[in-house]
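Taken together, the values in this text are just the output of simple stated rules run on the coordinates, not laboratory data. No experiment lies behind these values; they were computed from the predicted model shown. Cβ placement follows ideal geometry from the backbone for every residue including glycine, while neighbour counts extend to all protein chains displayed.
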Amino acid sequence: METADHGRVVCQLAGRLKQGPVESDLAAVGDRVTITIHPDGSGTIETVAERERVFSRARPAPTFRKTATDKEQVWVANPDQIVFVMATREPEPSLRKLDRFLVVAERNEIPAIICINKIDLVSFAKAEETFQIYADIGYSLIFVSAKDGDGLDELRQCLHNKLTVLAGSSGVGKSSLLNALEPGLGLRVKAVSEATTKGMHTTRHVELFALEGGGYLVDTPGIRSLALFDMEHGELDAYFREIAPLVADCQFSDCSHTHEEKCAVLRALADGRISRQRYDSYLRLREEHESLHKSAY
Ligand code: GDP
Ligand code: ZN
């Protein structure tokens, strides 16, 4: 526990917090807690405030396969936002991956920001064109170059006094960006991420990095596995924000949005109100989800 007056304090959970049915992790990184500090310098977590949001690995399991061990695993409590870092080139942006990631953010109800790095490698017009559809559906975009320093002020402002979950494939320049924001920060984050990735199956280590000007970062290696794991059938519609409001206008409540004649999603696709690329991502994720479910039986 990081405290203002006593530095870092190793805490245990008060016994009474552990009583009763447990639906979720009792305390997680980002939780707002009260502690008492004992004469030997150790501490006890007395209360955990109700969480405004959580970034979790699993939701309480759907009833059809609920088991005693199923509970929500809170990865980060109270995150303010998720920043997904991509590159304009090297590696080529994978919009499929971005769409998958946005589903994770929507599902956890955490505002998502798309940070596009390496804008020095393409014309600004090109970078904008690639990502315009995301701006059109309401996501914030930040264009930056860790190399030239372009856009860093905007990124710094975006992170200021927030608890930000950071994501992005390796090679997009996450470490370089963090180093450009604060010397050494990228290296420190990377060291922890590498250790976490190696031990992913045995430990669940999440570390907050304090920002100089206020605010915290959490890195998320392994976010990919989060997307579809325990989703219910039909849930995906809700996580494509341009598709979600259309679904009610489809003729059939179980519309698959693939061939039905009076499908509002297909109509919007034909009119160009939703993008083909996003629609394809949606179909791809749904297929993947269906095959996951089949293999679960
Ligand atoms: P990470 O794996 O996401 O942490 O990526 P790194 O920060 O290690 O960067 C990967 C590669 O991209 C390195 O060779 C960096 O020098 C390069 N790189 C990072 N940011 C930029 C940028 O803004 N412009 C250019 N041209 N290269 C960059
Ligand atoms: Zn439909």
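Here are a few things to note about the model shown:
- In the chain, the DSSP beta bridges split such that about 35 percent are antiparallel, to the nearest 5.
- Residue-wise HN-Hα coupling along segment 244-256, computed from phi with Karplus coefficients 6.51, -1.76, 1.60 (Hz; x: Gly, Pro): 3, x, 7, 4, 5, 8, 5, 5, 9, 6, 9, 3, 8
- Kirkwood Rh and Cα Rg combined as Rg over Rh, evaluated for the chain: 1.00
- Built amide H within the under 5 Å cut-off of Cys250, gap 5+: Ala264
- Within segment 54-219, the ratio Rg/Rh, alpha carbon atoms throughout and Rh by Kirkwood, equals 0.98.
- A simple charge model with +1 on the Cβ of Lys and Arg, -1 on the Cβ of Asp and Glu and nothing else charged puts the dipole of segment 233-295 at about 200 debye relative to its Cα centre.
- Under the Karplus curve 6.51 cos²θ - 1.76 cosθ + 1.60, θ = phi - 60°, whole-Hz ³J(HN,Hα) for segment 91-108, x wherever Gly or Pro sits: x, 4, x, 9, 6, 4, 5, 4, 4, 4, 5, 5, 4, 4, 5, 5, 4, 8
- Summarising the label geometry, the points placed 7 Å from Cα in the beta-carbon direction at Glu182 and Gln157 lie 2.0 nm from one another.
- Packing rank of 31-37, 79-85, where each peptide gets the mean count of other beta carbons within 10 Å, highest leading: 79-85, 31-37
- Candidates Ser253, Ser56, Ser275: whichever shows maximal mean-square fluctuation once the chain is modelled as a Gaussian network with Cα springs under 10 Å: Ser253
- Comparing Ile116, Ser169, His257 along the charge dipole axis of the chain, the residue lying farthest to the positive side is Ser169, per the Cβ-charge model.
- Charged side chains reduced to their Cβ positions (Lys and Arg at +1, Asp and Glu at -1) give segment 79-209 a dipole of some 560 debye around its Cα centre.
- Cβ-defined net charge surrounding Glu261, 15 Å radius [Lys, Arg +1; Asp, Glu -1]: -1
- Here the dipole of the chain is about 660 debye; that uses its Cα centre as origin and unit charges on the Cβ of Lys and Arg (positive) and Asp and Glu (negative).
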